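**Q** Quick one: the structure is below, questions incoming.
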Amino acid sequence: MSANQSYKSPALAAILSFLLPGLGQIICRQDNKGVFLLGMSLLGHWLTGGLSSLLLCPAMSMDAWFIARKINGNSTIGRWEFFPGVKPLNAIPPRVILMFIIAWIAFITVIRVVNFASDYQP
(Lines give C-alpha, C1' and ligand atoms only; values in the text may rest on other atoms or scores of the structure.)
Protein backbone atom coordinates (compact mmCIF):
# COMPACT_ATOMS: atom_id res chain seq x y z
CA MET A 1 0.00 0.00 0.00
CA SER A 2 1.26 3.44 -0.77
CA ALA A 3 2.02 5.96 1.92
CA ASN A 4 -0.06 8.69 0.21
CA GLN A 5 -3.51 7.38 1.02
CA SER A 6 -6.46 9.42 2.15
CA TYR A 7 -7.37 9.82 5.82
CA LYS A 8 -9.10 6.82 7.42
CA SER A 9 -11.17 7.34 10.55
CA PRO A 10 -9.95 4.89 13.22
CA ALA A 11 -13.26 5.21 15.08
CA LEU A 12 -15.33 4.42 11.98
CA ALA A 13 -13.10 1.47 11.06
CA ALA A 14 -13.34 0.12 14.63
CA ILE A 15 -17.12 0.52 14.81
CA LEU A 16 -17.64 -1.17 11.44
CA SER A 17 -15.39 -4.07 12.40
CA PHE A 18 -17.13 -4.40 15.76
CA LEU A 19 -20.49 -4.69 14.01
CA LEU A 20 -19.19 -7.04 11.32
CA PRO A 21 -15.56 -8.22 11.56
CA GLY A 22 -13.69 -7.46 8.36
CA LEU A 23 -15.67 -4.40 7.33
CA GLY A 24 -13.22 -1.97 8.93
CA GLN A 25 -10.32 -3.76 7.26
CA ILE A 26 -12.06 -3.47 3.88
CA ILE A 27 -12.43 0.33 4.21
CA CYS A 28 -8.74 0.45 5.17
CA ARG A 29 -7.97 -1.26 1.84
CA GLN A 30 -7.03 -4.63 3.29
CA ASP A 31 -9.54 -6.27 0.97
CA ASN A 32 -8.34 -9.88 1.12
CA LYS A 33 -8.03 -9.86 4.88
CA GLY A 34 -11.40 -8.12 5.28
CA VAL A 35 -13.25 -10.60 3.07
CA PHE A 36 -11.59 -13.52 4.89
CA LEU A 37 -12.58 -12.10 8.28
CA LEU A 38 -16.08 -11.37 7.05
CA GLY A 39 -16.47 -14.95 5.85
CA MET A 40 -15.00 -16.41 9.03
CA SER A 41 -17.20 -14.24 11.22
CA LEU A 42 -20.36 -15.24 9.36
CA LEU A 43 -19.39 -18.93 9.34
CA GLY A 44 -18.29 -18.78 12.97
CA HIS A 45 -21.45 -16.98 14.03
CA TRP A 46 -23.56 -19.62 12.32
CA LEU A 47 -21.57 -22.62 13.58
CA THR A 48 -21.18 -21.42 17.16
CA GLY A 49 -24.53 -19.74 17.66
CA GLY A 50 -22.84 -16.35 17.96
CA LEU A 51 -20.22 -17.32 20.56
CA SER A 52 -17.28 -16.72 18.21
CA SER A 53 -18.38 -13.10 17.92
CA LEU A 54 -17.44 -12.57 21.57
CA LEU A 55 -13.78 -12.83 20.54
CA LEU A 56 -13.80 -11.82 16.89
CA CYS A 57 -15.76 -8.57 17.11
CA PRO A 58 -13.59 -6.84 19.76
CA ALA A 59 -10.33 -8.22 18.32
CA MET A 60 -11.06 -7.18 14.76
CA SER A 61 -12.34 -3.83 15.97
CA MET A 62 -8.99 -3.17 17.67
CA ASP A 63 -7.14 -4.36 14.56
CA ALA A 64 -9.11 -1.97 12.31
CA TRP A 65 -8.38 0.89 14.74
CA PHE A 66 -4.62 0.23 14.62
CA ILE A 67 -4.61 -0.22 10.82
CA ALA A 68 -6.43 3.11 10.28
CA ARG A 69 -4.04 4.88 12.67
CA LYS A 70 -1.04 3.46 10.81
CA ILE A 71 -2.50 4.61 7.47
CA ASN A 72 -3.01 8.10 8.90
CA GLY A 73 0.62 8.12 10.03
CA ASN A 74 1.68 7.74 6.38
CA SER A 75 3.08 4.28 7.01
CA THR A 76 2.95 1.36 4.64
CA ILE A 77 0.75 -1.53 5.76
CA GLY A 78 0.84 -5.08 4.54
CA ARG A 79 -2.19 -6.70 2.96
CA TRP A 80 -2.42 -9.22 5.81
CA GLU A 81 -0.87 -7.14 8.60
CA PHE A 82 -2.57 -7.50 11.99
CA PHE A 83 -2.40 -5.12 14.97
CA PRO A 84 0.32 -2.70 13.82
CA GLY A 85 1.90 -0.89 16.74
CA VAL A 86 1.27 -3.70 19.24
CA LYS A 87 4.76 -5.15 19.52
CA PRO A 88 3.95 -8.54 21.09
CA LEU A 89 1.35 -9.24 18.38
CA ASN A 90 3.60 -7.96 15.57
CA ALA A 91 6.01 -10.80 16.29
CA ILE A 92 3.29 -13.34 15.39
CA PRO A 93 3.17 -14.17 11.66
CA PRO A 94 -0.22 -13.32 10.05
CA ARG A 95 -0.81 -16.94 9.04
CA VAL A 96 -0.64 -17.96 12.71
CA ILE A 97 -3.31 -15.37 13.58
CA LEU A 98 -5.48 -16.63 10.71
CA MET A 99 -5.06 -20.22 11.89
CA PHE A 100 -5.93 -19.14 15.44
CA ILE A 101 -9.19 -17.63 14.19
CA ILE A 102 -10.08 -20.85 12.36
CA ALA A 103 -9.08 -22.99 15.36
CA TRP A 104 -11.15 -20.81 17.73
CA ILE A 105 -14.25 -21.26 15.58
CA ALA A 106 -13.64 -25.00 15.28
CA PHE A 107 -13.12 -25.33 19.05
CA ILE A 108 -16.35 -23.53 19.93
CA THR A 109 -18.22 -25.56 17.31
CA VAL A 110 -16.98 -28.84 18.81
CA ILE A 111 -17.96 -27.71 22.32
CA ARG A 112 -21.45 -26.78 21.12
CA VAL A 113 -21.91 -30.09 19.27
CA VAL A 114 -20.72 -32.11 22.29
CA ASN A 115 -23.01 -30.11 24.55
CA PHE A 116 -25.94 -30.65 22.21
CA ALA A 117 -25.20 -34.36 21.80
CA SER A 118 -24.97 -34.90 25.57
CA ASP A 119 -28.70 -34.14 25.87
CA TYR A 120 -29.62 -36.52 23.07
CA GLN A 121 -31.76 -39.46 24.18
CA PRO A 122 -32.29 -42.14 21.47
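**Q** Once the whole set of protein chains is in place, how much accessible area is left on residue 77, using a 1.4 Å probe, in Å² to the nearest 10?
**A** Counting only protein heavy atoms, residue 77 exposes about 10 Å² to solvent.
**Q** Let me ask something else. Between segment 3-35 and segment 71-122, how many Å separate their Cα centres?
**A** First find each Cα centre; the distance between them is then 17 Å.
**Q** Based solely on its DSSP helices, what 222 nm [θ] is calculated for the chain when runs of n ≥ 4 H residues each add -39,500 (n - 2.57) and the sum is averaged over all residues, nearest 500 deg cm²/dmol?
**A** Computed mean residue ellipticity for the chain: -21500 deg cm²/dmol.
**Q** Given the C-alpha atoms of segment 18-63, compute the convex hull and give its volume per residue in Å³.
**A** 48 Å³
**Q** With a 1.4 Å probe and all protein chains left in place, how much of the accessible area of segment 42-122 comes from carbon and sulfur atoms, in whole percent?
**A** The value for segment 42-122 is 70 percent carbon and sulfur by accessible area.
**Q** Rolling a 1.4 angstrom probe over the protein chains, ignoring ligands and nucleic acids, what is the accessible area of residue 55 in square angstrom, nearest 10?
**A** Here the residue's solvent-accessible area equals roughly 60 Å².
**Q** Then there is this: Averaging sequence separations of C-alpha pairs under 8 Å and six or more residues apart, then dividing by the length of segment 10-121, give the relative contact order as a whole percent.
**A** With pairs under 8 Å counted, the relative contact order is 26 percent.
**Q** How far is helix 53-72 tilted, in degrees, relative to the longest principal axis of the Cα atoms in the chain, given as a value from 0 to 90 rounded to the nearest 10?
**A** Roughly 10 degrees, rounded to the nearest 10.
**Q** Further question on the same structure: Any chance you could look up the accessible area of residue 112 with a 1.4 Å probe, heavy atoms only, rounded to 10 Å²?
**A** Surface accessible to solvent at residue 112 totals approximately 110 Å².
**Q** To one decimal place, what orientation-averaged projected area in nm² is obtained for the convex hull of the Cα set of the chain?
**A** Numbers: hull surface 30.5 nm².
Result: 7.6 nm².
**Q** Would you rank 70, 87, 8 by solvent-accessible area, highest first, keeping every protein chain in place and using a 1.4 Å probe?
**A** Output order, biggest surface exposure first: 87, 70, 8.
**Q** Roughly how many Å² is the accessible area per residue of segment 1-112, as a whole number, for a 1.4 Å probe? Could you put the intermediate results ahead of the total?
**A** Working: 6120 Å² over 112 residues.
Value for segment 1-112: 55 Å² per residue.
**Q** GNM on the chain, C-alpha springs below 10 Å: top fluctuator among 56, 23, 43?
**A** Comparing 56, 23, 43 in a Gaussian network model of the chain, the most mobile one is 43.
The values are calculated or read from the model by the stated rules, or taken from the named source; none is laboratory data. In this text, all values refer to a predicted model and were calculated from it rather than measured experimentally. The protein model used for the area step is the full one, side chains on, heavy atoms only, and it has no ligands, DNA or RNA in it. Shrake-Rupley method; radii C 1.70, N 1.55, O 1.52, S 1.80 Å.
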